[in-house]
Amino acid sequence: MDKLIRVQLISVILILIIFSGCKNPFKTRSSPPPSGEAGTWNTPSKPEIVLENLMNSYNEKIIENFNQCLSDTFVFSAPEDSIEREVLFSNWNGNVEKRVTTNIFNLTKQYPDSVDFILSIDFDNIEKDEITDSTEVLSVNYTLSILRYKPEYKTIKAEGVSTFHLKETGLSWWAIYFWEDRPKSSDYNWADFKAEYRY
């Protein structure tokens, strides 16, 4: 009888030793923080949210968020009123748009004391057109204020109208597949600003 009690006692002690070295098997693992910059991002379940994400990604200079606003078949178009402009804006697809925007964001991050910009989109006066279940066209007025601090402080305003053709690329996920930019009252617009960084 003593031998049986001793075996049971040793077994209990061994089990306690084994479990004391283990972590709690029922405790959930904490997830790692997201890689890269998160910024302000909302699931683009409506076309208007895509434009909000576009504006926020531009102002926060987060290229990952900007890229998510564009579809795989993206094309950009600007007025081609001269041969020079026609060449400048030719073959402007998603790869060009992402490269140009990366150049813009990198420059302002590298030289924050030299240049910055603020994009405002007039969401109160969006014009909608060609609405179907999976496509929509939105036209918006915008102002892009480019702040140059050196050699002297000045603000340059790029103003115009952008027409965004959007499509539903997945379940509750909209993206821009065609972006048309036109100047408004001034000669300088968003397309001109972007073209400076196409290299």
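The values are calculated or read from the model by the stated rules, or taken from the named source; none is laboratory data. Remember, predicted model here, so these are calculated numbers, not experimental data. Here the Cβ is made from the backbone with ideal geometry for all residues, glycine too, and neighbour counts use every protein chain on show.
When you go through (1) under 22 Å from the mean Cα position of the chain (by Cα); (2) not in a strand (DSSP E or B) one by one for Asp187, which number turns out not to apply? The single condition Asp187 does not satisfy is (1). For segment 43-96, a residue qualifies if it is surrounded by fewer than 21 Cβ atoms within 10 Å (Cβ to Cβ), in contact with a Leu (Cβ under 6 Å, 6 or more places away or on another chain) and either over 18 Å from Thr163 (Cβ atoms) or aromatic (Phe, Trp, Tyr) (or both), and exactly one does: Asn59. Scanning segment 157-183 for residues that are surrounded by 15 or more Cβ atoms within 10 Å (Cβ to Cβ) and free of Cβ contacts under 8 Å to residues at least 60 places away in the same chain yields Ala158, Glu159, Gly160, Val161, Ser162, Thr163, His165, Glu168. When segment 131-179 is filtered for residues that are in contact with a Gly (Cβ under 9 Å, 6 or more places away or on another chain) and either at pLDDT below 95 or among the aliphatic types (A, V, I, L, M) (or both), only Leu144 remains. Filter segment 143-199 down to residues that are of a type in the set (Gly, Ala, Ser) and touching a Lys or Arg at 6+ places or on another chain (Cβ under 6 Å) and give me whichever is farthest from Asn59 (Cα to Cα). Applying the filter and picking the extreme gives Gly160.
Scanning segment 54-97 for residues being at pLDDT below 95 and either among the polar types (S, T, N, Q) or part of a helix (DSSP H, G or I) (or both) gives a total of 10. Of the strands (runs of 3 or more DSSP E) lying entirely inside segment 108-149, those containing at least 3 residues that are exposed (fewer than 13 other Cβ atoms within 10 Å of the Cβ) span 127-129. Applying the condition of being of a type in the set (A, V, I, L, M) and touching a helix residue (DSSP H, G or I) at 6+ places or on another chain (Cβ under 9 Å) to segment 132-161 and asking which residue is farthest from Trp174 (Cα to Cα) yields Ile156.
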